[in-house]
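Remarks on the structure that follows.
The values are calculated or read from the model by the stated rules, or taken from the named source; none is laboratory data. Here the structure is a predicted model, which means the values were calculated and not measured. Backbone-built Cβ (ideal geometry, glycine too); neighbour counts: all protein chains shown.
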Amino acid sequence: MTRVRAALTHFGISVIVFALFLSLVFLVWYAWPFNVTQGIADIVYIMAGVDVVLGPLLTLIIFKAGKKGLKFDLSMIALLQVAALVYGAMVIYKERPAYVVFNVDRYSVVGVSEVDMAESPIPEQAIGIFEKPKFIFAILPEGDDGLEVAMNAANGGKDIDRLPKYYRDYDSNKLGVIRGTKPAKSMSFNAGPIDMIEHINYAPVVGKKRTIVALVDNRTGEVIEYRLVDPWQK
């Protein structure tokens, strides 16, 4: 096998493995639009550089048919790629969005590492490894609990969107969602054309890196579409 053919073979295998990984990332863990709200692109680019570019490039550099120790060298390159892929996958999985929590008047995208569903009255909503982010409704605490949460959040602590004890089933609380969202006709920003606008409300979707807009059917409480615009733009 020639040096170029070895590098191209290595490149082809790397592309296939990385493509399978990306399908899990972008179709499940960070299904659109959460790849945008959570800003996953940077780490994916780094991983691609190591796993798809650097590995085959090293093979191109060191490969020589019959070279002593060639198998060891290629094994070390493969080990480097696997280590980079595993590490990147662990970081991406730890930070992946688990819940889209409606709280008061907005949706918050909450990472899997930010909440412990054992503290929730709906532990059955715990996210599985091959599940997309789930919608959750957060109730407003009353009395002293409400004051404590408000003060804690004001001082940089967790708000109700990251306190699972206030989580409730989304489907059973869609009336609260409808009441908390605003009519699309009242938008003060341009989100593009909206069909049947009289039946559409909207709410911000607050992610780690970016805030976008969810269009909500004001008859069912279902999110029907996302728009990549900032709802707080001037």
Residues in the stretch 119-131 that are within 18 Å of Tyr170 (Cα to Cα) and in contact (Cβ under 8 Å) with a residue 40 or more places away in the chain total 6
Name the single residue that is modelled with the lowest pLDDT among those in the stretch 158-186 being part of a helix (DSSP H, G or I) and of a type in the set (A, V, I, L, M).
Ile160
Being within 17 Å of the chain's Cα centre (by Cα) and part of a strand (DSSP E or B) is the filter here; which residues of the stretch 73-105 pass it?
Pro97, Ala98, Tyr99, Val100, Val101, Phe102
When the stretch 167-191 is checked residue by residue, the ones that are over 22 Å from the mean Cα position of the chain (by Cα), under 30 Å from Glu142 (Cα atoms) and touching a residue at least 24 places away in the same chain (Cβ under 8 Å) are Ser172, Asn173, Lys174, Leu175, Gly176, Ile178, Gly180, Thr181, Lys182, Pro183, Ala184
Checking Val229 against (1) among the hydrophobic types (A, V, I, L, M, F, W, C); (2) more than 23 Å from the chain's Cα centre (by Cα); (3) in a loop (DSSP other than H, G, I, E, B): exactly one of these is not met. Which one?
(2)
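Could you list, in sequence order, all residues of the stretch 128-161 that are over 19 Å from Tyr30 (Cβ atoms) and either crowded, with 16+ Cβ neighbours inside 10 Å or basic (Lys, Arg) (or both)? Quick ask: steps written out before the conclusion?
If we filter the stretch 128-161 for residues that are over 19 Å from Tyr30 (Cβ atoms), which is where we start, we get 137-160.
Correct list: Phe137, Ala138, Pro141, Val149, Lys158, Asp159, Ile160.
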Could you tell me whether Lys208 is at negative phi, exposed (fewer than 13 other Cβ atoms within 10 Å of the Cβ), outside any strand (DSSP E or B) and among the basic types (Lys, Arg)?
no
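Going through the stretch 80-92 one residue at a time, which ones are without any contact (Cβ under 8 Å) to a residue 40 or more places away in the chain and not hydroxyl-bearing (Ser, Thr, Tyr)? Steps first, please.
Here is the first cut: in the stretch 80-92, the residues without any contact (Cβ under 8 Å) to a residue 40 or more places away in the chain are 80, 82-84, 86-87, 90.
Those that are without any contact (Cβ under 8 Å) to a residue 40 or more places away in the chain and not hydroxyl-bearing (Ser, Thr, Tyr): Leu80, Val82, Ala83, Ala84, Val86, Met90.
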Scan the stretch 49-72 for residues that are surrounded by fewer than 17 Cβ atoms within 10 Å (Cβ to Cβ), of a type outside the set (Val, Ile, Thr) and in a helix (DSSP H, G or I) and report the count.
7
I'm trying to understand the selection: among the residues of the stretch 126-157, which are assigned to a helix (DSSP H, G or I) and in contact with a Phe, Trp or Tyr (Cβ under 7 Å, 6 or more places away or on another chain)?
none
Qualifying residue in the stretch 73-96 (condition: under 26 Å from Ile160 (Cβ atoms) and either of a type in the set (Gly, Ala, Ser) or touching a Gly at 6+ places or on another chain (Cβ under 7 Å) (or both)):
yes
Condition first: of a type in the set (A, V, I, L, M, F, W, C) and either crowded, with 22+ Cβ neighbours inside 10 Å or free of Cβ contacts under 8 Å to residues at least 60 places away in the same chain (or both). Now tell me which residues in the stretch 93-114 satisfy that.
Ala98, Val100, Val101, Phe102, Val109, Val110, Val112
Counted residues in the stretch 132-162 being touching a residue at least 40 places away in the same chain (Cβ under 8 Å) and closer than 13 Å to Val101 by Cα come to 7
Across the stretch 10-31, which residue is farthest from Pro97 (Cα to Cα) among those that are surrounded by 14 or more Cβ atoms within 10 Å (Cβ to Cβ) and of a type in the set (Ser, Thr, Tyr)?
Ser14
